[in-house]
Amino acid sequence: MKRMAVMTGCYLTWCFFNWVPGLQALIIGLPVAALVVYLTENIPYGKVSALHFQPGRHLRFIFHYMPIFWWEHFKANVEVAYRVLHPRLPIRPAVVRVKTELKTDIGLTLLANSVSLVPGTTSVDLDHEKGILYVHCMYVSPTDVDGVAKRRVQRFEKILVKIFE
């Protein structure tokens, strides 16, 4: 019964996102919904912690973290576009090691994903025990090897520590 309810929900979501679904979308939607239910039915979700029921954290995330994330995203887009359009500007890629204070899984995951979503940087690896995030940067200054990645990560991290720690 639970599978059928989840499959119906998936199918209705599929239909909603197709806006005005045609016959093909309706026919394809059923097997896709069934496949999603089949592939995800054994995923362990763990316990729901008290972290999920604190609206103050949600508000801080939405009104404090998201504007800073979008601003950093905008600045990085401009920088990457400028480097691409001006071939004389150097591209000096490197992997930088950044120490983080975050300890919770959700905080570390959100930090790594935020870094990866910002153009010009990608999270490569995360050492959970040591709290080290390895970040690949498109440009690293020869005089300030750790600077760009550390500043970007710490900008996100100081807010995420307040929300998730």
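Read-outs: derived from the displayed coordinates by stated rules, not from any lab. Model, not experiment: these values are computed from the prediction. Please note: Cβ atoms are built from the backbone with ideal geometry, for glycine as well, and neighbour counts cover all protein chains shown.
At the listed q of 0.11, 0.12, 0.20 Å⁻¹, the Debye profile of the chain, built from one uniform point per Cα, gives log10 I(q)/I(0) equal to -0.68, -0.77, -1.13. Between the Cα long axis of helix 105-117 and the first principal axis of the chain there is an angle of about 70°, rounded to the nearest 10. Neighbour counts of C-beta atoms inside 10 Å place TRP71, TRP19 in the sequence TRP19, TRP71, starting with the fewest.
Using the count of nearby Cβ atoms within 10 Å as a rough guide to exposure, how do PHE61, PHE17 rank from fewest to most?
With the fewest neighbours first, PHE61, PHE17 line up as PHE17, PHE61.
Between the helical axis of 147-164 and the dominant principal axis of the chain, each derived from Cα atoms, what acute angle in degrees is found, rounded to the nearest 10? So the helix axis and the longest Cα principal axis differ by about 50 degrees. Helix 2-17 and the long axis of the chain differ in direction by around 70°, with both axes built from C-alpha atoms. Subtracting the Cα-Cα distance of ALA81 and VAL20 from 0.36 nm times their residue separation leaves 18.4 nm of extension gain.
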